[in-house]
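Chemist: Sending over a structure as C-alpha cells; questions will come in a sec.
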Amino acid sequence: MTTEEEKTTPKAGAAKRAMVGRLSWGLADQAASSLTNFAVGIYVARSLGLAAFGVFSLAWVTYGVVLNVSRGLATDPLMVRFSGVPDASWRAAVARASGTALGVGAALGGACLVAGLALGGRVGPAFACLGIVLPALLSQDAWRFAFFAAGAGRKAFVNDMVWGVALVPAMVVATHVGSVPAFVLAWGGSAAVAAAYGWLQSGIRPRLTGARAWLREHRDLGYRYLVENVSNSGASQLRAYGLGAIVGVGAVGVIRGAELLLGPFLALLMGLSLVTVAEAARVLRRAPHRLGVFCLVLGGGQAAAALLWGGALLL
C-alpha cells in the first residue's frame with residue numbers, strides 16, 4: 001500500500017463512521033418524534049372517545065399540510081444548499097429559514113384562527129386553537145432541520161425529547177379540562193417550550209425580515225418542494241375532510257387509528273429523510289461519482305424495509 005493510500009483509507013473510514021453516526025441520530029430523533037405523536041394520538045383517543053379524536057385528527061392533518069408548506073419553502077432548501085457548509089454561512093441561512101418558517105406559521109395560523117371562529121360547532125374551536133399554536137409547531141420543526149443540516153443530529157434528538165417531557169404535564173392539564181381545544185393547546189404549548197429551547201441550543205434568532213429574500217433566492221427549489229409536499233399531504237387532508245363531511249368525524253378517528261399501525265415504518269422513512277438529503281449534498285460536494293451508489297443503496301434498503309413491514313402487518 002502506498003503512502004497516499006494509507007492516508008486516504010483512514011480518512012474514508014472516518015467519513016463513513018461519521019455518516020453512520022449522523023444517520024443513527026436521524027433515526028433516533030424520528031423515533032422519539034414518532035413515539036411522541038403515537039402516544040398523543042392514543043392518549044387523546046382514550047381520553048375523549050372516537051368522535052372527539054376525529055375532531056382532533058382533522059386539526060392534526062391540517063397541521064401536516066401546513067408543516068409541509070413550511071418545509072417546502074423554508075427548511076428543505078436549507079437542507080439541500082446549506083449542509084456541510086462553513087458555520088457562518090449556516091448560521092446566516094438558519095436565521096432566514098427559521099424566520100420563514102415562523103412567518104408561514106403566523107400567516108397560516110391566522111387563517112386557521114379566522115376559519116375556526118367562523119366554523120364554530122365542535123370543529124371550529126379546535127381549528128382556532130391550532131391557529132394559535134402553529135408558529136410554535138413550525139419553529140420547533142425548523143430547528144430540527146437546521147441541526148441536521150449542520151450534522152448535529154444529537155441536538156435535534158434532545159430538542160424532541162424536551163418536547164416529549166413538556167408534553168407530560170401539558171396533557172395532564174388537558175385531561176382535567178377534557179376538551180379537544182385543550183389537547184390542541186397542550187400539544188402546541190409543549191412545542192413552544194421545545195422551540196424556545198432550540199433558540200437557546202443554536203444561539204440564532206429567527207429573522208422574519210429575511211423571509212422575503214429567502215423565498216426569492218430559493219424559489220427554484222422552494223416551489224418545487226412546495227408542490228411535491230402539499231400534493232402528498234393534501235391527499236390525506238382531503239380524505240379526512242371528505243370522511244368527516246360524508247360519514248362523520250368518528251370515521252376520521254377510525255382511519256387515523258389504522259394509520260397509527262404504519263407509524264414505525266413511517267418513522268424509519270422520516271428519520272432517513274431528515275438526514276439523507278444533507279448526506280447526499282455532502283456526497284455531491286466531496287465525491288460526486290459516489291452519489292448514484294449512495295442513492296441506490298438507500299432506495300434498496302427502504303424497499304426491503306417496506307416489504308418486511310408490509311408482511312408483518314399482513315401476519
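Chemist: Over the residues of segment 118-223, compute the C-alpha Rg and express it relative to 2.2 N^0.38 Å. Before the final figure, lay out each step's value.
Modeler: Details: Rg = 16.1 Å, N = 106, 2.2 N^0.38 = 12.9 Å.
Against the empirical 2.2 N^0.38 Å value, I get 1.25 for segment 118-223.
Chemist: How far apart, in nanometres, would the label points at Thr209 and Ser24 be if each is projected 7 angstrom from Cα along the Cα-to-Cβ direction?
Modeler: The two pseudo-label positions are separated by 4.4 nm.
Chemist: Local charge sum around Ala213 (other residues, Cβ-Cβ under 12 Å, Lys/Arg +1, Asp/Glu -1)?
Modeler: For residues surrounding Ala213, the net value is +4.
Chemist: Next question, about the same structure. Label points 7 Å out from Cα along the Cβ direction at Val297 and Arg224: separation in nm?
Modeler: Distance between the two pseudo-spin positions: 2.5 nm.
Chemist: Taking the alpha-carbon centroid of each part, what is the distance from segment 178-233 to segment 68-112 in angstrom?
Modeler: 7
Chemist: Determine the order of Arg286, Arg205 by accessible area, beginning with the largest, at a probe radius of 1.4 Å.
Modeler: On the way: Arg286 175, Arg205 150 Å².
Highest to lowest solvent-accessible surface, that is Arg286, Arg205.
The values are calculated or read from the model by the stated rules, or taken from the named source; none is laboratory data. None of the values given here were measured: they were computed from a predicted structure. Neighbour counts are summed over all protein chains in view; Cβ atoms, including those assigned to glycine, are modelled from backbone coordinates with ideal geometry. Please note that ligands, DNA and RNA were not included when accessible areas were found on the heavy atoms of the full protein model with its side chains. Shrake-Rupley method; radii C 1.70, N 1.55, O 1.52, S 1.80 Å.
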